[in-house]
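Here's a structure for you.
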Amino acid sequence: MKIISVIGYKKTGKTTLVGQLVKALKKHGSVGTIKHLHEHDINMPDTDTWKHAQAGADVVVAVTPDELVKFSRNNNLISALDELANAGMDFAVVEGFKDSILPKIALGDVEATGIVKRLNSYGNADIGELVSIILAQPEYHTLDSLLRKLKNSKSIEKAGAIGTFTGIVRAVTDETRTEFLEFEAHAELARKKMDEICRKLKEKKGIVDVLMHHRTGIIPAGDDIVCIAVAAGHRDELFPVLREAIERLKEEVPIWKKEHTMKGDWWVHDNID
């Protein structure tokens with residue numbers, strides 16, 4: 001899933017531009033959107049879903065023949081992106097979240113990091129150019145979205161087994177507690193190298209498909225770092241390739257890890273244990 005955020009002050013046309021981008025991106029795949037609402041109560045008081053939540057339900061789902069709405073607690077931008085990725089979206093267009101690390105299209109003179117294109121107004125936007133910028137963004141995946149992509153491939157009918165590996169941020173190593181890890185990468189080279197590893201592993205006997213994704217930026221303790229999925233005709237063919245995929249990613253992909261602990265910060269040679 002490729003992600004872009006549209007940011008700007010109020011009444012600058014963010015929602016209008018988001019709508020234009022959604023229409024254009026639909027020609028390239030499925031599109032999901034996220035709207036940053038500031039202190040806005042979606043689950044209105046005295047409705048049945050509100051009463052469910054007030055009674056203590058951690059998740060409330062409302063269903064009609066045409067719509068499904070989910071109300072949950074303790075949400076953030078990452079959980080919203082994961083929802084879209086797990087739903088199989090090819091693109092996520094985010095309105096707001098100017099303080100995030102997402103790549104951004106900025107309307108007006110709003111300041112933020114990660115701006116890939118600035119527009120004076122939505123009226124002079126070259127939508128074709130913006131779509132090209134979005135298509136060039138790195139992929140965002142979860143384990144579920146990798147599995148969905150694997151199962152949707154034309155070759156999956158040859159598979160009799162799927163194996164996965166998920167590397168997470170270990171909170172405690174010996175007596176040291178890790179707060180978070182920070183990953184940096186040469187994004188283009190890292191993606192090319194991972195694609196090359198997957199392509200080579202697919203040439204092995206009985207292997208149907210191999211997919212891998214490594215997150216970058218700041219990742220808190222307990223969160224996913226890397227996900228790998230392998231489809232094969234039989235389990236005996238699958239497990240050695242899954243292990244080789246992990247080891248080759250560690251050794252060959254240009255990604256660097258900095259560990260932030262209660263005792264200090266330092267760069268670490270190995271990305272995954």
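The values are calculated or read from the model by the stated rules, or taken from the named source; none is laboratory data. Remember, predicted model here, so these are calculated numbers, not experimental data. Cβ coordinates were reconstructed from backbone atoms using ideal geometry, including for glycine residues, and neighbour counts include every protein chain displayed. Surface areas here come from the heavy atoms of the whole protein model, side chains and all, with no ligands, DNA or RNA. Shrake-Rupley method; radii C 1.70, N 1.55, O 1.52, S 1.80 Å.
What is the gain in length, in nm to one decimal, between Leu37 and Asp144 on full extension, counting 0.36 nm per residue of separation less the C-alpha to C-alpha distance?
Going from the current span to full extension adds 35.9 nm.
Need one number: % antiparallel among DSSP beta bridges in the chain, to the nearest 5.
So the antiparallel bridges in the chain amount to around 70 percent.
Counting only protein heavy atoms and using a 1.4 Å probe, what share of the accessible area of the range 185-270 belongs to carbon plus sulfur, as a whole percent?
Within the range 185-270, the accessible surface is 50 percent carbon and sulfur.
Direction-averaged shadow area of the convex hull around the Cα atoms of the range 57-159, nm²?
10.1 nm²
Mind sorting out which of [x] 7, 29, 36, 22, 6, 0; [y] 6, 23, 29, 27, 13, 2, 0; [z] 7, 30, 33, 20, 9, 1 is the real P(r) over Cα pairs in 10 Å bins from 0, in percent computed from the coordinates?
Recomputing P(r) over Cα pairs in 10 Å bins from 0, in percent here picks out [y].
Filter the GluC sites (Glu not before Pro) in the range 198-247 to those in DSSP coil with at most 10 other Cβ atoms within 10 Å of their Cβ, and list the result.
Here the sparse-neighbourhood loop sites are Glu203.
Leaving ligands, DNA and RNA out of it, work out the accessible area of Ile78 with a 1.4 Å probe and give it in Å² to the nearest 10.
80 Å²
Could you tell me how many degrees, from 0 to 90 and to the nearest 10, lie between the Cα long axis of helix 14-25 and the main elongation axis, the longest principal axis, of the Cα atoms of the chain?
Taking the Cα atoms of the chain, the angle to 14-25 is about 50 degrees.
Can you give me the pair-distance distribution of the range 79-120, C-alpha pairs, 5 Å bins, whole percents?
For the range 79-120, the pair-distance distribution reads 5, 21, 26, 19, 15, 9, 3.
So the label point goes 7 Å from the Cα of Trp267 along Cα→C-beta, right? Which residues of the range 240-254 then have their backbone N under 15 Å from it?
What the label zone holds, given the 15 Å backbone N cut-off, is 254.
Just the number, please: carbon plus sulfur as a percent of the accessible area of the range 57-168, 1.4 Å probe, no ligands or DNA/RNA counted.
C and S fraction of accessible area: 51 percent.
At a probe radius of 1.4 Å, what is the per-residue accessible area of Met89, in Å² to the nearest 10?
50 Å²
Can you tell which of Gly19, Ile7, Met212 lies farthest toward the positive end of the dipole of the chain, using +1 and -1 charges on the Cβ of basic and acidic side chains (Lys, Arg; Asp, Glu)?
Value computed over the given set: Gly19.
With a 1.4 Å probe and all protein chains left in place, how much accessible area per residue does the range 2-62 have, in Å²?
Solvent-accessible surface per residue comes out at 65 Å².
Loop only by DSSP, 12 or fewer other Cβ within 10 Å of the Cβ. Give me the GluC sites (Glu not before Pro) in the range 47-97 that pass, ordered by residue number.
Answer in residue order: Glu67.
Principal axes first, then extents: for the Cα atoms of the range 181-238, list largest minus smallest coordinate on each axis, whole Å, largest first.
Sorted largest first, the three principal extents are 37, 26, 10 Å.
Related question: Starting from the 7 Å offset along Cα-to-Cβ, what nm value, one decimal, do you get for the label separation of Ala87 and Trp256?
Rounded to a tenth, the inter-label distance reads 3.8 nm.
On to the next question. Relative to the longest principal Cα axis of the chain, at what angle does helix 187-202 sit, 0 to 90 degrees, rounded to 10?
Taking Cα atoms only, the helix is inclined about 50 degrees.
Taking the Cα atoms only, what angle lies between the long axis of helix 77-86 and the longest principal axis of the chain, rounded to 10 degrees?
60 degrees
Evaluate the relative contact order of the chain (contact order divided by residue number), counting alpha-carbon pairs under 8 angstrom at least 6 apart; express in whole percent.
20 percent
Using the Kirkwood radius over Cα pairs, work out the Stokes-Einstein diffusion coefficient for the range 202-273 at 25 °C and 0.890 mPa s, in µm²/s as a whole number.
Rounded to a whole number, D works out at 176 µm²/s.
Any idea what the dipole of the chain comes to, in debye rounded to 20, about its Cα centre with Lys/Arg Cβ at +1 and Asp/Glu Cβ at -1?
860 debye
Under the definition of Cα pairs under 8 Å and six or more residues apart, what whole-number percent is the relative contact order of the range 1-125?
The normalised contact order for the range 1-125 reaches 43 percent.
Do the sum for the chain: with -39,500 (n - 2.57) for every DSSP H run of n ≥ 4, divided by all residues, what is the mean residue ellipticity at 222 nm, to the nearest 500 deg cm²/dmol?
Result for the chain, helices only: -9000 deg cm²/dmol.
Considering amide H positions built from the backbone, and no H for Pro or chain starts, which residues 5 or more places from Thr33, or on another chain, come under 5 Å of its amide H?
Amide H neighbours of Thr33, under 5 Å, 5+ apart: Val93.
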